[in-house]
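Input: a single structure, listed below in C-alpha cells.
The values are calculated or read from the model by the stated rules, or taken from the named source; none is laboratory data. Values in this document were obtained by computation on a predicted structure and should not be read as measured data. Because the Cβ atoms are built from the backbone with ideal geometry, glycine has one as well, and the counts that use them run over all protein chains shown. Heavy atoms of the whole protein, side chains included, go into the accessibility calculation; ligands, DNA and RNA do not. Shrake-Rupley method; radii C 1.70, N 1.55, O 1.52, S 1.80 Å.
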Amino acid sequence: MTLPNSEAILEILVANRTEAGPVAAAVREGLSTRPRRLPPWLFYDEAGSLLFERITELPEYYLTRTERGILAAHSSDMIDLAAGGKRLRIVELGAGSADKTRLLLAAAVEAQGQVLYEPVDVSATALDAARERIEREIPGVTVAPRVMDYVHGLDLDAEGPLEELDERRLVLYIGSSIGNFDLEDANRVLLGVRGVLRPGDALLLGVDLVKTVPTLLAAYDDQAGVTAEFNLNVLARLNRELGANFNLKAFRHKAVWDAVHSRMEMYLESLSAQKVRIRALGLEVEFAPGERIHTENSYKYAPGQAERMLENAGFAAVGCWTDAERWFAVCLGRAE
Ligand code: TRP
C-alpha cells in the first residue's frame, strides 16, 4: 500500500477547506442568496450524528420508539408477506437505523436460518460500524455493505445479478427518511428503488403521520434543548470546517408547522442584525433580525397517503401496520 506524502495530504486538506469541497459548495450556494438555506446532510458530522442518537431517545421524539414498537409487534408478518415462500435478501437505504433493523433481520433469520443484509449508505465508516455490530450481534446475518448515494441512483447488482437465484429482495426504507423530501422528490426516490427491483420484490416504507400540532412541535423542539443543539451544530460545523465565525448565541433553533405543505420546517433564526464571515469561501453573509436559514423539512402524511405513494411508484400496497394512536405507519409495497 502506498501512503500519500505530506504534500499530497496538505493538498487534500486545502481542497476540503476551499471551493473544492462539497461542504464549501453547498454552503456557498445556500447562503449567498435569499431565502437562506443549508442542506440537511450537513447535520450528520460526528458531533451531529451523536446528537441525533440522543434525539431518538428523547421523550418528545415519538418517531423512533413508535416505529420500533410497530416493528417489534409485526416483524414476522412483514418478513413472511415480503418473502411469499421464497428466500429473502434484505437491502436497507441508510445504515443508521440499527436497532430497528435488527428486529427485521432477527425475524428473517428465524424464518430462513440465514440472511444476506445489504446496507446502502454514502458513508463507508457508518457501513463498517454497522457490519461489525450486526454480524457480532445477530448470528445468521451476513452483511454486504454497499457504498452508494441512493438518492442519485441505486445499483444493487454491482456484485452480480441474482437472476439465477430463487431469491427476492426486500428493501427497507424506514425511519420516515422519505419525509425529508418534498412529494415530487420522494416519488423520484421511490421510482428509483422500483427501477432496480424485479416484480415480486418488496419495499418496506416507514412514514410519520399527521397528528396534533403540539405533539409535532414538541418532537422538534424538546425541553432539554437537544434538538436546538443538533440544529445549531450545523453552524458550529461551518466554524470548524470553513473557518466561519457564526456566534451560536446569536441564532436560535426554530421549528414551525406548515399546515399547507403538511410538514415540520426547521430553521436557524438570527436574533439580531449581524454579519458572518466564512473565511474559506471569502464570503460575508448579512442577516437581518429574525432572518432564517432553512435547514430541514419533515413531511407528515395523511392516512392512506403512504399506500398511494407506493402505488404511484409501481408498487402494490399489500400491508400497512400502525400503532394504537396512529402516529406512525410502516407499509409494504410489492413491485408489480
Ligand atoms: N430527519 C429527522 C426527522 O425529520 C431529523 C430531525 C429530527 C431533525 N429532529 C430534527 C432535523 C430537528 C432538523 C431539526 O425527524
If you scan segment 237-265, which residues turn out to be β-branched (Val, Ile, Thr) and outside any loop (DSSP other than H, G, I, E, B)?
VAL256
Restricting the search to segment 169-193, which residues are among the small types (Gly, Ala, Ser) and in contact with a Lys or Arg (Cβ under 6 Å, 6 or more places away or on another chain)?
none
For segment 324-336, the count of residues that are open to solvent by less than 60 Å² (accessible area, probe 1.4 Å), away from the ligand (no atom under 16 Å from the Cβ) and within 24 Å of THR212 (Cβ to Cβ) equals 1
Which members of segment 181-234 meet the condition of being out of contact with any strand residue (DSSP E or B) (no Cβ under 7 Å at 6 or more places or on another chain) and basic (Lys, Arg)?
ARG188, LYS211
Long-range neighbours under 8 Å by Cβ, at least six apart or interchain, first residue under 18 Å from TYR299 (Cα atoms) and in contact (Cβ under 8 Å) with a residue 12 or more places away in the chain within segment 320-335, second among the aromatic types (Phe, Trp, Tyr) and open to solvent by less than 10 Å² (accessible area, probe 1.4 Å)
THR322/PHE328; TRP327/TYR62; PHE328/TYR62; ALA329/TYR301
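Out of curiosity, is GLY153 at pLDDT below 95 and small (Gly, Ala, Ser)?
Working: at pLDDT below 95: yes; small (Gly, Ala, Ser): yes.
Yes: the conditions hold for GLY153.
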Based on what the data block shows, is VAL234 under 19 Å from ARG36 (Cα atoms), modelled with pLDDT of 95 or more and outside any strand (DSSP E or B)?
yes
Which pairs turn up if I take residues in segment 286-310 that are closer than 28 Å to GLU29 by Cβ and look for partners that are at pLDDT below 95 and within 12 Å of the ligand (Cβ to nearest atom) with beta carbon separation below 7 Å, at least 6 apart in sequence or on another chain?
THR295/PRO40; GLU296/PRO40
If ASN239 satisfies all but one of (1) without any contact (Cβ under 8 Å) to a residue 12 or more places away in the chain; (2) open to solvent by 60 Å² or more (accessible area, probe 1.4 Å); (3) under 18 Å from LEU42 (Cβ atoms), what's the number of the condition it fails?
(2)
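Restricting segment 176-191 to residues that are open to solvent by 70 Å² or more (accessible area, probe 1.4 Å) and touching a residue at least 60 places away in the same chain (Cβ under 8 Å), which is nearest to the chain's Cα centre (by Cα)? Don't jump to the end; show me each part of the working.
Step one: of segment 176-191, the residues open to solvent by 70 Å² or more (accessible area, probe 1.4 Å) are 183-184, 188, 191.
Okay, now just the ones that are also touching a residue at least 60 places away in the same chain (Cβ under 8 Å), so 183, 191.
Numbers: LEU183: 16, LEU191: 17 Å.
The residue in question is LEU183.
From GLU307, GLU291, grab the single residue that is over 30 Å from ARG36 (Cβ atoms) and among the acidic types (Asp, Glu).
Values: GLU291 fails: over 30 Å from ARG36 (Cβ atoms).
That would be GLU307, the only listed residue that is over 30 Å from ARG36 (Cβ atoms) and among the acidic types (Asp, Glu).
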Residue that is surrounded by the most Cβ atoms within 10 Å (Cβ to Cβ), among those in segment 58-112 that are touching a residue at least 24 places away in the same chain (Cβ under 8 Å) and among the basic types (Lys, Arg)
LYS100
Return the total of residues in segment 292-323 being in a strand (DSSP E or B), open to solvent by 10 Å² or more (accessible area, probe 1.4 Å) and over 30 Å from HIS253 (Cα atoms).
7
Can you tell me how many residues within segment 278-307 are closer than 23 Å to TYR44 by Cβ, of a type in the set (A, V, I, L, M) and within 16 Å of the ligand (Cβ to nearest atom)?
1
The residue that is farthest from GLY333 (Cα to Cα), considering only those in segment 38-91 that are acidic (Asp, Glu) and within 16 Å of the ligand (Cβ to nearest atom), is ASP45
Which of the helices (runs of 4 or more DSSP H) contained wholly in segment 36-134 include at least 3 residues that are closer than 22 Å to VAL147 by Cβ and not small (Gly, Ala, Ser)?
46-56, 98-112
